[in-house]
Number of protein chains: 2
Amino acid sequence: MATLSDVAAEAGVSPTAVSRYLNNRIDLPQATRDRIDAAIAKLDYRPNLLARRLSTGKSEAFALVTPDIANPFFAELAAAVERQAHASGYSVYITSTGGHADAEINAIRRMADSHVDGLIMTTNRVDDGSLANLLAGRENVVLLDEDIDGVSVPRVFVDNAEGTYLAAQHLIAMGHRDIALIGGPHRLMSVNERLAGFTRAMDEAGLPVRPGWVLLGDYTRDYGVAAASVLLDAVDPPTAILACSDYIAIGVMQVVREYGLSIPNDISLVGFDDMAFAALVDPPLTTIRQPVAAMGELAVKHLLALLEGQTPPAETRLAVELVTRQSVAAPSR
Amino acid sequence: MATLSDVAAEAGVSPTAVSRYLNNRIDLPQATRDRIDAAIAKLDYRPNLLARRLSTGKSEAFALVTPDIANPFFAELAAAVERQAHASGYSVYITSTGGHADAEINAIRRMADSHVDGLIMTTNRVDDGSLANLLAGRENVVLLDEDIDGVSVPRVFVDNAEGTYLAAQHLIAMGHRDIALIGGPHRLMSVNERLAGFTRAMDEAGLPVRPGWVLLGDYTRDYGVAAASVLLDAVDPPTAILACSDYIAIGVMQVVREYGLSIPNDISLVGFDDMAFAALVDPPLTTIRQPVAAMGELAVKHLLALLEGQTPPAETRLAVELVTRQSVAAPSR
DNA sequence: TCAGCTATGTAAAGCGCTTTACTAGCGATA
DNA sequence: TATCGCTAGTAAAGCGCTTTACATAGCTGA
């Protein structure tokens, strides 16, 4: 690979001149510029980014750490982040952690070591303080999708409470009174908020939130299966289930089918996320749509603002939307 | 951030000593080692990867370029690649190109500029030669999932022909004689091979491959919709459709439903890929499973072998598998 | 007593770039 | 004619690390 010095030698100028020319830090006469351009073309020179980064301390890149890139939700988020970053001339390095604390810590470390300019962090765990510690005081981090307690960096979230509020309202409007909620991990911000939204809707309708009908575990299909089994095994099962993720909803569907029941005739179901498959399942799932692309874009914009010394909003809430399909009907009894 | 020199000063030795100690290139007495360790701990020193890479020319990292990280197939592939790479102490930098030629070229360039040790390349386009050009002669590249004409680097593919052969055989065994195939982009390796496997099964069964029943376009839902419409509009539609991707199959399902027909009663359908949603749609889709995790792992292993100067197989074919669900039945007429 | 080891390091160059000074030469001005 | 200012650059240090070659002190054996 040709170096800057090679180009300089070929063009008959100093490396300094070439460097400054390439970085628009010098005005050279046309003749000199032509010689340099010719030398670059002839030698097929491309600057060594490593050297440049080492020298400047800037990388024109940032990191995205994500729990699981194979999960379509995070994959779409990643795609959106990447799109927006590229549009701004930045590269993005994605790492998935499998949702393990040590992997997250390592990823953050590695990212910091590789001297990226900034970090967009998504997680799906409740932090025990180590993440907060690692992130404390950093001026180049934004949190996306899920909160980490005690971290005061800009955050981009969705209006979780509004989502479940809309979903519950919809079920109530359809005539349901016996509604259960299946949610993600206890104490996770999104879980708390989704539970709160649900509770508010129920309260407003004068309906009780039965403790046995609020099941918190994981945003996974497996947990949907487990929770739905508990619900359907009861002598007096709910007529509607609000699943706090489409994955949970899928698990619920499976169990309902196994019990020989039908959605929406016997049980109504609402999901959360509006993942690509939500429209494809049987019946197509009524769900709460998260504006994934907008979330990714906004996170990047806020990170860029941060890097430019501006102060983006401490917390942004993006609106969600109820998408009505065919998994909700009036209760039969 | 503390530097190597800071540590050296703190420990009362030279930077050289610290560097060599950290890289196991020197035997130091216990006392000195302790002092260095203490200094590192005290200063919270972590080596600057950029500087190290610049100095050694190695990065302990490689790149994965992929058409679309939001596509679950590539996302799962990426997850597998990442898992295996991390297990070997490598980082991986993922870029998605949106399947655009110039984005692919840029990604490869950027990756080369960032001095990663190697590159795993996936594409879903027919190359016009520019990719082949860029990749020619490189000793640190492996091709995954799809071929690029004229590139002689190790390749990891799936047995595409066997997949459609199995699928067609299954349909034939169920009694179908009028079978159509909907495939991806014309001239793409996987498309050719899947068509070939289909043709072989039909030939062996003495059945004709009707030209009007082989539709090549894209591995997308939209193309599935378009192609299925063509097929069902005909006076004499096929009794079974072999969709060369689950996305295509989803499109087909949609059209079949819109025509007031039912799968599998009126039309049988087989997909390809076994994406996560294949089991979730209605009816659950019979499809060909690709061993995505194994593909990713193998690509990494071959790349590592390459980096160690070994010669991995020029081409590896991984076996696919027919997964029988409920989208195939005997033809009604 | 001294050459020759061994143990324990160190000095300095180099990776490829950026950046902060500084300068040679020349025409214009006072 | 001395000075100023402008044009068109350059020299050298520095980013943080690795690596090659060399150095010193103390010990051993003859």
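The values are calculated or read from the model by the stated rules, or taken from the named source; none is laboratory data. All values reported here derive from a predicted model rather than from experimental measurement. Neighbour counts are summed over all protein chains in view; Cβ atoms, including those assigned to glycine, are modelled from backbone coordinates with ideal geometry. Please note that ligands, DNA and RNA were not included when accessible areas were found on the heavy atoms of the full protein model with its side chains. Shrake-Rupley method; radii C 1.70, N 1.55, O 1.52, S 1.80 Å.
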Measuring with a 1.4 Å probe in the full set of protein chains, what accessible area per residue, in whole Å², belongs to region A:160-290? 36
At 4 °C and a viscosity of 1.567 mPa s, what translational diffusion coefficient does Stokes-Einstein give for region B:194-256, taking Rh as the Kirkwood radius over Cα pairs? Give it in µm²/s as a whole number. 107
For A:LEU181, enumerate residues with amide H under 5 Å from its amide H, sequence gap 5+ or separate chain, H modeled in the peptide plane. A:VAL214, A:LEU215, A:LEU242
Using a 10 Å cut-off around each Cβ of peptide A:132-142, what is the average number of partner chain Cβ atoms that fall inside? 0
Leaving ligands, DNA and RNA out of it, work out the accessible area of B:ARG317 with a 1.4 Å probe and give it in Å² to the nearest 10. 90
How much accessible area does A:LYS301 have with a 1.4 Å probe, in Å² rounded to the nearest 10? 100
Of all C-alpha pairs within region A:123-211, those more than 17 angstrom apart amount in percent to 54
Rounded to the nearest 100 Å², what is the sum over both chains of accessible area buried where A meets B, with a probe of 1.4 Å? 3400
Mean 1/r over distinct Cα pairs of the protein assembly as shown, inverted to a Kirkwood Rh in Å, yields 27.6
To the nearest 20 debye, what charge dipole does the protein assembly as shown have about its Cα centre, counting +1 at the Cβ of each Lys and Arg and -1 at the Cβ of each Asp and Glu? 1120
For B:GLU139, what accessible surface area do you get with a 1.4 Å probe? Give it in Å², rounded to 10. 140
Could you tell me which of B:GLY224, B:VAL191, B:VAL281 has its Cα farthest along the dipole of region B:160-290 towards the positive end, charges placed at Cβ (Lys, Arg +1; Asp, Glu -1), taken about the Cα centre? B:VAL191
Relative contact order as a percentage, region A:160-290, C-alpha pairs under 8 Å and 6+ apart, gives 25
q = 0.10, 0.11, 0.14, 0.16 Å⁻¹, chain B: log10 I(q)/I(0) [Debye, one scatterer per Cα]: -0.66, -0.75, -1.04, -1.23
What residue among B:GLY98, B:GLY224, B:GLY206 shows peak mean-square fluctuation when chain B is described by a Gaussian network model with Cα springs under 10 Å? B:GLY206
From the phi angles alone, apply the Karplus equation (6.51, -1.76, 1.60; θ = phi - 60°) to region A:260-265 and give each ³J(HN,Hα) in whole Hz, x where the residue is Gly or Pro. x, 9, 10, 9, x, 4
Show B:SER5, B:SER96 ordered by accessible area, largest first, where the area counts protein heavy atoms only and the probe is 1.4 Å. B:SER5, B:SER96
Rounded to whole Å, give me the distance from the Cα center of region B:260-333 to that of region B:48-121. 25
Taking the Cα atoms of region B:231-333, report the difference between the largest and smallest coordinate on each principal axis, in whole Å and largest first. 59, 26, 21
Restricting to the protein assembly as shown, compute how many DSSP beta bridges are antiparallel as a %, nearest 5. 10
Using a 1.4 angstrom probe on heavy atoms only, work out the carbon and sulfur share of the accessible area of the protein assembly as shown in %. 50
What residues have an amide H closer than 5 Å to that of A:LEU119, excluding those fewer than 5 places away on the same chain, when H is modeled at 1.01 Å from N in the peptide plane? A:ALA63, A:VAL141, A:VAL142
Hey, which residue of A has the C-beta nearest the axis mapping A onto B, and what's the distance in Å? A:ASP282, 1
From other protein chains only, count the Cβ atoms within 10 Å of every residue's Cβ in B:274-282, then give the mean. 5
Scanning chain A for helices, which whole DSSP H stretches are 24 Å or more long along the axis (Cα) and average 1.0 or more by Kyte-Doolittle? none
Taking chain A as a Gaussian network, Cα atoms linked when under 10 Å apart, which of A:TYR165, A:TYR90, A:TYR259 shows the biggest mean-square fluctuation? A:TYR259
Per-pair calculated FRET efficiency, R0 = 25 Å: B:GLU139 and B:HIS100 via Cβ, rounded to 0.05: 0.40
If R0 = 45 Å, then B:ASP149 and B:SER5, at their Cβ-Cβ distance, give a FRET efficiency to the nearest 0.05 of 0.30
Taking amide H atoms as placed 1.01 Å from N in the peptide plane, list the residues 5 or more away in sequence, or in a different chain, whose amide H sits under 5 Å from that of A:GLU321. A:ARG289
In terms of the ratio Rg/(2.2 N^0.38 Å) built on C-alpha atoms, what value belongs to region B:1-148? 1.38
Could you work out the per residue convex hull volume over the alpha carbons of region A:4-47, in cubic angstrom? 57
Using alpha carbons only, what's the Rg to Rh ratio of region B:160-290 with Rh from Kirkwood? 0.92
Could I have the simple spin-label model distance between B:SER130 and B:ALA279, label points 7 Å from Cα toward Cβ, reported in nm to one decimal? 4.1
Given unit charges at Cβ for Lys, Arg (+) and Asp, Glu (-), the dipole magnitude of region B:160-290 about its Cα centre in debye, nearest 20, is 160
Which residue, B:GLY98, B:VAL116, B:ALA87, has the largest displacement toward the positive end of the dipole of region B:87-131 when charges sit on each Cβ (Lys, Arg +1; Asp, Glu -1)? B:ALA87
Please give every one of the aspartates and glutamates within straight-line cross-link reach of B:LYS58, meaning a C-alpha to C-alpha distance under 13 Å, and leave out same-chain neighbours fewer than 8 residues apart. B:ASP113, B:ASP117, B:GLU308
Given springs between every Cα pair under 10 Å in a Gaussian network model of chain A, which of A:ASP246, A:ASP34, A:ASP233 has the largest fluctuation? A:ASP34
Per-selection metrics, region A:72-120 (Cα): Rg and Dmax in Å: 11.6, 32
Other copies of A:GLU204: label-to-label distances in nm, shortest first, labels 7 Å along the beta-carbon direction: 6.2
Suppose every K and R has +1 on its Cβ and every D and E has -1 on its Cβ; what is the size of the dipole of chain B about the Cα centre, in Debye to the nearest 20? 720
